[in-house]
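In what follows, a structure is listed as C-alpha cells, so that the remarks can point back to it.
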Amino acid sequence: MLAAYITHADCARHEMGPQHPECPERLGAINDQLLVKGLLDYMLPYDAPLATEEQLGRAHSSLYVQELMAMAPTEGHVQVDPDTSMNPHTLKAALRAAGAAVQATDLVLAGEVPAAFCAVRPPGHHAERAAAMGFCFFNNVAVGIRHALDVHGLERVALIDFDVHHGNGSEDIFRGDSRVLMCSIYEKGLYPFNGENAVGPNMVNVGLPTRSGSDAFRDAVLTHWIPALDAFRPQLIYISAGFDAHREDDMGNLGLVEADYEWVTQQLLAVAKRHGQGRVISCLEGGYVLSPLGRSAAAHVKALIGAD
C-alpha cells in the first residue's frame, strides 16, 4: 500500500516578512528532494482540507479559535508575538495544516494508507490550547490526535517530537491526558525555555546539551523513548517532525545528520508495527535551512514509507 503525501498550495501563501526563517520555500525544498529521490512515486497525493471549528475545538479553546480567526488581516501583517505574524493567507494556510492532520487520521484509520506525511505550514507544536507562538497558530498534530481519540475512539496514541525546540504547545494540550504519551527530545537552553520538568506522568522529555550529536540522540531514544512506548502500546503514532536539530541548521546545535532522522523513523515504525498495525502519521514542524531540511525530510519519508 502507498503512503499518503498531504499538502496544499495555500500553505505556501502564508509568509511573515522578508528573511523570516519560516518561509514558503521550505515546502518546495522538501517536495524537490522527494521528487528527485523518487519517493513521491510511492505516495498518494492529497490536497489538505480546511479544518473545521469543531475539529480545532478539540485541541484549542473555542474562544481562542474565534479570536485568531477575527485577527486575520485583509492586507499587510498582524503581529501575534515577536516572532509570529499573520498575512491575508495565514488563516487559510493554518486551517489547511490542521486539516491535513485530520485527513491523515481518517485515511490511516480507515486502512486506506498505512502512513502519512503532512508537508504543511505553518507548523504547530508551539501553539498552546489558547495561545499562538513560535511561528505556530493551531497545533496540527494535537488536532489530529484528538480527532483519533474523540471521533475514532482510539484509547492510546503516542506523540513523538524530535524538533530541536521543545513542543510546549503539545505538552500544554496533553498534560494529564492518560490516552496520550508524549515523547520529546530537544536541545536544552533553547526557545521556549521549558521542558526540563515533565508536567505529568504521560510526558517523557529528554533535554540534550548543545552539540550532543548522533550518539547521544540515539541513546536517548533507545533508553527513554522505546521502553516507554512499548509499555504504553500505542495504537497509532504521530510525529512532530522538526529537522532543525541538523548540524547545518543554525536554529540549534544538536548536530544531527540525515541518517539520524532515517534511523529514528525506523525505530518508531518498528514500535508501530509491534503495537499499532504499523500506523504512523508525521507532520512537518521546524527545519529552516533549505538544503538540510529537504535532505532530512527525504530521509525521514524514505523510512516512513519503507523505501529501499
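For this structure, a couple of remarks:
- Hey, GLY111 within 27 Å of PRO234 (Cβ to Cβ), assigned to a helix (DSSP H, G or I) and out of contact with any Lys or Arg (no Cβ under 6 Å at 6 or more places or on another chain) or not: no
- Given (1) within 10 Å of the chain's Cα centre (by Cα); (2) farther than 19 Å from ARG13 by Cβ, index of the condition VAL120 fails: (2)
- The single condition among (1) assigned to a helix (DSSP H, G or I); (2) in contact (Cβ under 8 Å) with a residue 12 or more places away in the chain; (3) over 28 Å from ILE30 (Cα atoms); (4) not hydroxyl-bearing (Ser, Thr, Tyr) that VAL221 does not satisfy is (3).
- Qualifying residue in segment 90-108 (condition: surrounded by fewer than 21 Cβ atoms within 10 Å (Cβ to Cβ) and over 24 Å from ASP177 (Cβ atoms)): yes
- Pair list, Cβ under 6 Å, 6 or more apart: segment 1-20 residue assigned to a loop (DSSP other than H, G, I, E, B), other residue β-branched (Val, Ile, Thr): HIS14/THR90
- Top-ranked residue in segment 21-40 [being touching a helix residue (DSSP H, G or I) at 6+ places or on another chain (Cβ under 7 Å) and not in a helix (DSSP H, G or I); ranked as nearest to LYS92 (Cα to Cα)]: PRO24
- Top-ranked residue in segment 200-255 [being polar (S, T, N, Q) and surrounded by 15 or more Cβ atoms within 10 Å (Cβ to Cβ); ranked as farthest from ASP83 (Cα to Cα)]: GLN235
- Taken over segment 23-60, the criterion of being within 20 Å of the chain's Cα centre (by Cα) and hydroxyl-bearing (Ser, Thr, Tyr) is satisfied by TYR46, THR52.
Readers should treat all values here as calculations from the given coordinates under stated rules, not as data from a laboratory. Not measured: the values here are computed from a predicted model. As a convention, Cβ positions derive from the backbone with ideal geometry for all residues, glycine included, and neighbour counts pool all protein chains shown.
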